Amino acid sequence: FYLTADRYVLPLRSSTFVDVPIITGVPEFAFGTDFEGAVPEPQHMEKQSLENYQFLQNLVNFVEFLMHDPFWCGQVVQINIIQGNDVELIPRVGKGVILLGGLEDYPEKLDKLFTFYQKVLAYEGWNKYASINLKYKGQVVCTP
């Protein structure tokens, strides 16, 4: 589904195209993918639904952050949600999958990644690492 900036859900249609990052692996929400309307309010939700709702809100904020930053808007082409609501980013440039971890502190994590791009990948090359892990505070862990 598409989610608008004002948190309105639009189901996928074959005639619709929006240039936004693809999000895959999204957890089950309190509404189906064919739902159309405002995202349900969290009152009286079960614990899992409430956690998923809060994750959805954080995900929307994260995508808005990416879309308003010219560098990240051009660099991130896919957001993959993996087990435990960790987030992987698939970049447009380079072969390295970026493991962001949770969505907390994502501006700091992306700042750290940008510095890594400038200070390391500028000299090592964009295809040096298969994965770049930002999950741990104050660290960038890479796998060749």
Every residue from the range 74-108 that is of a type outside the set (S, T, N, Q), open to solvent by less than 50 Å² (accessible area, probe 1.4 Å) and more than 17 Å from Thr143 (Cβ to Cβ) = Gly74, Val76, Val77, Ile79, Ile81, Val87, Gly102, Leu103, Tyr106, Pro107
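Quick grid of which residues meet (1) charged (D, E, K, R); (2) in contact (Cβ under 8 Å) with a residue 40 or more places away in the chain; (3) farther than 18 Å from Thr24 by Cβ:
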{"site": "Asn52", "(1), (2), (3)": "no, no, no"}
{"site": "Asn58", "(1), (2), (3)": "no, yes, no"}
{"site": "Pro70", "(1), (2), (3)": "no, no, yes"}
{"site": "Leu113", "(1), (2), (3)": "no, no, yes"}
{"site": "Trp126", "(1), (2), (3)": "no, no, yes"}
query = For Val140, which of the numbered conditions (1) open to solvent by 20 Å² or more (accessible area, probe 1.4 Å); (2) under 15 Å from Ile22 (Cα atoms); (3) touching a helix residue (DSSP H, G or I) at 6+ places or on another chain (Cβ under 7 Å); (4) of a type in the set (Val, Ile, Thr) fails to hold?
reply = (2)
ask   = Yes or no: Leu99 closer than 16 Å to Asn61 by Cα, modelled with pLDDT of 95 or more and of a type outside the set (D, E, K, R)?
value = no
ask   = Residue check: is Leu103 assigned to a loop (DSSP other than H, G, I, E, B) and in contact with a helix residue (DSSP H, G or I) (Cβ under 7 Å, 6 or more places away or on another chain)?
value = yes
query = Can you find even one residue in the range 112-135 that is assigned to a strand (DSSP E or B), crowded, with 16+ Cβ neighbours inside 10 Å and at negative phi?
reply = yes
task = Consider Leu66 carefully, then state whether it is modelled with pLDDT of 95 or more, surrounded by 11 or more Cβ atoms within 10 Å (Cβ to Cβ) and in a helix (DSSP H, G or I).
result = no
key: Evaluation of Asn52 against (1) over 16 Å from Leu134 (Cα atoms); (2) open to solvent by 20 Å² or more (accessible area, probe 1.4 Å); (3) not aliphatic (A, V, I, L, M) (one fails), failing number   = (2)
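The values are calculated or read from the model by the stated rules, or taken from the named source; none is laboratory data. The shown structure was predicted, so the numbers you read here are calculated from the model rather than taken from an experiment. Quick reminder, even Gly has a Cβ in these numbers, built from the backbone with ideal geometry, and neighbours come from all protein chains shown. For the accessible areas, the whole protein counts, side chains as well, though only heavy atoms, and no ligand, DNA or RNA atoms are used. Shrake-Rupley method; radii C 1.70, N 1.55, O 1.52, S 1.80 Å.
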